[in-house]
Amino acid sequence: MYSIEQRREKLHSLLLAINQVINDAEEQAYKKPAVKSWIAQLKLAACDADDILDELHYEALRSEALRSGHKINSGVRGFFSPHYNPLLFKYKIGKRLQEIVERFGDLVIHMNLFAFIKDWSMSMVGGCRHIPMLMSKMLLAEREIERK
């Protein structure tokens, strides 16, 4: 079983691979409906990944508030609540993160079938606006996980 950090690293490497071909994919989307569909699936997966990263960010802020003395739905009721139980949160977010990693893995497999031209200068920036945004959010999530 993989940790949240290992899943995040896997997602990061998949996003790097996708980001290297996104310009060629966008150019081919005008000619090939299958590529256009792939890009649409990529955008949906990016939105879902963005939601997960937002939840990780929120949980990090909530945990920090609790450590600094704020009472946020504490006690027995809070522990059994699906929103405030840290163990349940880690389990659920880990499962969702694994699902998104698998989705991006499938997208990379399809990407390789299309044989897009790689643009090595695009390893971190440019291309589809969803990918760099996700990568920057992942870096923020990584820093917040390290603070815990």
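The values are calculated or read from the model by the stated rules, or taken from the named source; none is laboratory data. Note that the coordinates shown come from a computational prediction; the quantities given were computed from them, not determined experimentally. Cβ: placed from backbone, ideal geometry, glycine included. Neighbour counts: every protein chain shown. Heavy atoms of the whole protein, side chains included, go into the accessibility calculation; ligands, DNA and RNA do not. Shrake-Rupley method; radii C 1.70, N 1.55, O 1.52, S 1.80 Å.
What are the ³J(HN,Hα) values, in whole Hz, obtained from phi via the Karplus relation 6.51 cos²θ - 1.76 cosθ + 1.60 with θ = phi - 60°, for each residue of region 85-95 in sequence order, with x given for Gly and Pro?
7, x, 5, 5, 4, 4, 5, 5, 5, x, 5
Roughly speaking, what is the stretch gain from LYS36 to PHE114, that is 0.36 nm per residue apart minus the C-alpha to C-alpha distance, in nm to one decimal?
Contour length minus Cα-Cα distance gives 26.9 nm.
Rank these residues by their accessible area, most exposed first, probe 1.4 Å: SER13, SER68.
Listed by decreasing accessible area, they come as SER68, SER13.
Which far-off residues, 5 or more places away or on another chain, put their amide H under 5 Å from the one on ASP119, with H placed in the peptide plane?
Close amide H contacts, sequence-distant or interchain: VAL21.
Could I have the simple spin-label model distance between LEU88 and GLN6, label points 7 Å from Cα toward Cβ, reported in nm to one decimal?
Using points 7 Å along Cα→Cβ, the separation is 2.6 nm.
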